[in-house]
Amino acid sequence: MILTLANQKGGVGKTTLGVNLACLLAETTRQKVMVLDLDPQESAATWSDLGGLPIQVQRGGDPRSFDAPFVIADTPGNLHAVATQMAIQAADVVLIPCGSSPQDIEPTKRTIAVVKELTRAPCLLVLNRIRGGTITARAAEEWSGALGVTVANTRVHSRQVFEQCVCQSWVANGPGSMELQQVLIEILNIASQKRINEKDAV
């Protein structure tokens, strides 16, 4: 399975979410998980260099060229970058992390439009870094549902543990981990349904 994280908007937590999902996937399945760091900032690769992650991180490359059951591609905000478009086209599922700020709406709309131009793979939008009970969080529940893609049932909340996890390996326990587990289940279910649909179409 190739999972590509994409959003034109910076600061939505693509790398933090992607690396934590990859670690959870590796621990859960006991299979090889490769994270492909396509962002020039190399945040995922730098994080991996600190050690303690149960995954492999590769700087650059084509997601389809790696011999691993699971490849997670962390893309830059530039939707027109060759690496970003290649990762979107290769994806079995495109995950679009999105914050709850009104400033997230237009970049996320543009991201969805580009993704739909490049692939017929299913998209899953996940509300990330959400502060529960706030006006912006409640508003995000409304506008995210009007963007034309599936919205994850699980919300990933803003937690100090996510801010600190770069220095403390990854989020393996606690409420943050439970949210990640639920998001991962949704992703795997979508990927499984895609495979069923492809077999039925043959």
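Got a sec? Which of ASP62, ASP74 is surrounded by fewer than 20 Cβ atoms within 10 Å (Cβ to Cβ), modelled with pLDDT of 95 or more, closer than 16 Å to LEU38 by Cα and acidic (Asp, Glu)?
Selected residue: ASP62, the only one of ASP62, ASP74 that is surrounded by fewer than 20 Cβ atoms within 10 Å (Cβ to Cβ), modelled with pLDDT of 95 or more, closer than 16 Å to LEU38 by Cα and acidic (Asp, Glu).
Can you pull out every residue in region 54-93 that is outside any helix (DSSP H, G or I), in contact (Cβ under 8 Å) with a residue 60 or more places away in the chain and within 14 Å of the chain's Cα centre (by Cα)?
Scanning region 54-93 gives PHE70, VAL71, ILE72, ALA73, ASP74, THR75, GLY77, ALA91, ASP92, VAL93.
Against the condition touching a Leu at 6+ places or on another chain (Cβ under 8 Å) and not hydroxyl-bearing (Ser, Thr, Tyr), how does ILE187 come out, does it pass?
Answer is yes for this residue.
Could you tell me which of the residues ILE196, ILE187 is closer than 18 Å to ILE2 by Cα, of a type in the set (A, V, I, L, M, F, W, C) and within 15 Å of the chain's Cα centre (by Cα)?
Matching residue, one of ILE196, ILE187: ILE187.
Checking GLN85 against (1) modelled with pLDDT of 95 or more; (2) of a type outside the set (D, E, K, R); (3) open to solvent by less than 30 Å² (accessible area, probe 1.4 Å): exactly one of these is not met. Which one?
(3)
Considering only region 94-114, state which residues are surrounded by fewer than 23 Cβ atoms within 10 Å (Cβ to Cβ), in contact with a helix residue (DSSP H, G or I) (Cβ under 8 Å, 6 or more places away or on another chain) and not in a loop (DSSP other than H, G, I, E, B).
Within region 94-114, PRO102, ILE105, VAL114 meet the criteria.
When you look at SER192, is it free of Cβ contacts under 8 Å to residues at least 12 places away in the same chain and small (Gly, Ala, Ser), yes or no?
Taking the combined requirement at face value, the residue satisfies it.
Among VAL149, VAL156, VAL171, VAL161, which is the only one that is in contact (Cβ under 8 Å) with a residue 24 or more places away in the chain, open to solvent by 20 Å² or more (accessible area, probe 1.4 Å) and of a type in the set (Val, Ile, Thr)?
Matching residue, one of VAL149, VAL156, VAL171, VAL161: VAL149.
Does at least one position in region 129-141 carry a residue that is within 30 Å of VAL82 (Cα to Cα) and in contact with a Leu (Cβ under 6 Å, 6 or more places away or on another chain)?
No: region 129-141 contains no residue that is within 30 Å of VAL82 (Cα to Cα) and in contact with a Leu (Cβ under 6 Å, 6 or more places away or on another chain).
Just for region 1-50: of the residues that are part of a loop (DSSP other than H, G, I, E, B) and without any contact (Cβ under 8 Å) to a residue 24 or more places away in the chain, which one is least open to solvent (accessible area, probe 1.4 Å)?
Going through the qualifying residues, I end up with GLU42.
The values are calculated or read from the model by the stated rules, or taken from the named source; none is laboratory data. This is a predicted model, so every value here is computed, not measured. Please note: Cβ atoms are built from the backbone with ideal geometry, for glycine as well, and neighbour counts cover all protein chains shown. When the accessible area is computed, the model is the full protein with side chains, heavy atoms only, and any ligands, DNA or RNA have been set aside. Shrake-Rupley method; radii C 1.70, N 1.55, O 1.52, S 1.80 Å.
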